[in-house]
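**Student:** This structure is in structure tokens; I'll ask about it shortly.
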Amino acid sequence: MADDSQRNFRSVYYEKVGFRGVEEKKSLEILLKDDRLDIEKLCTFSQRFPLPSMYRILVWKVLLGIIPPHHESHALVMKCRKEQYWDIHHALRVIRFINDSTPQVDVFLRIHQLESGKLPRNLAFALVSELQVTSQMHVDRQEPEDEVFLVIAKAMEEMVEDPVECYWLVSCFVNQLNSKHKDSLQQLPKVLEQYLNIEDNRLLMHLKACAAMSKLPYDLWFKKCFAGCLPESSLQRVWDKVISGSCKILVFVALEILLTFKMKIIALNTAEKITQFLENIPQDNTDAIVSKAVDLWRTHCGTPAHSV
């Protein structure tokens, strides 16, 4: 009995600090041993639990369609993906859109643009060595959708060492956001206001009184999926949910940020000051914020059977 009590206490403790017991890891390993991976079950697992770091990239690649469900095809498909990446990379070097000094995320963007038929035709946009264009200057000249791509790519680059894997994860993730989640993402600011009204009406009234609701960093939160806002460990847990089918988790992360920093926000009396603070929140307790956001998500939406 004492052993059971100790084990239960340990499980609760791990749950509170954002870690799961070994049972979830073993369950995922069983799923990953299937000859044909079950996409729906992997989505369900990712919605219910944070992915173990050692399996995260593999699961993301399967869920984003980078590799097929069949195990025996993984090596061949990644070989083809790698060849495709370097073929395009070579073509971009030939036409002088990239060179040895081009930042990796800019390389990813150019490959993505060429893949999607959106590579600028004007050679003035080419990143030739004579111009020595810095990454930030390059960002400033981008279309909004390209800026989103670059910010997500920068965050993904910190998670994934292999440039080929990193590119395909970024490209397919952005494509998912622009297709599957496009309509839902546009509705998230309204959904956030609805849940904030339920959780803390006083805070909502303060934001409205400051005319801040329309000026919250929605692009940072929703279009960029908190890339550039949350550190890697917290961001990965949010992206687990988005990649497996739920962009609504983004609402509850934003909601929990507002609730966590309520006193600071109420002390600010202009929309500009509030937005500036929210764009640069302290990074020391973001793991706890994400854990509470997941709890809020489950409270309001229930434990997902598949995706929300």
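**Student:** Under a Cβ-only charge scheme (Lys and Arg +1, Asp and Glu -1), can you give me the dipole magnitude of region 180-301 about the Cα centre, in debye to the nearest 20?
**Tutor:** Roughly 280 debye for region 180-301.
**Student:** Under the definition of Cα pairs under 8 Å and six or more residues apart, what whole-number percent is the relative contact order of region 180-301?
**Tutor:** 33 percent
**Student:** Rounded to two decimal places and with Rh computed the Kirkwood way over Cα pairs, what is Rg over Rh for region 20-64?
**Tutor:** Taking Rh as the inverse mean 1/r over Cα pairs, Rg/Rh reads 0.91.
**Student:** Along the charge dipole of region 180-301, pointing to its positive end and built from +1/-1 on Cβ of Lys, Arg, Asp and Glu, which listed residue (Ser291, Pro231, Leu259) has its Cα farthest out?
**Tutor:** It is Leu259, whose Cα lies furthest towards the positive end.
**Student:** Right, next: Could you tell me the accessible area of Met213 in Å² (1.4 Å probe, neighbours in place), rounded to the nearest ten?
**Tutor:** We get 20 Å² for Met213.
**Student:** Which order do peptides 214-224, 236-246 fall in by mean Cβ count within 10 Å, highest first?
**Tutor:** Going by the mean number of other Cβ atoms within 10 Å, highest first, we get 236-246, 214-224.
**Student:** How many angstrom lie between the Cα centre of region 236-256 and the Cα centre of region 49-95?
**Tutor:** Going from one Cα centre to the other spans 23 Å.
The values are calculated or read from the model by the stated rules, or taken from the named source; none is laboratory data. No experiment lies behind these values; they were computed from the predicted model shown. When we count neighbours, we look across all protein chains shown, and the Cβ atoms used for this are built from the backbone with ideal geometry, even at glycine. Ligands, DNA and RNA are stripped out before the accessible areas are found, and what is left, the full protein with its side chains, is counted by its heavy atoms. Shrake-Rupley method; radii C 1.70, N 1.55, O 1.52, S 1.80 Å.
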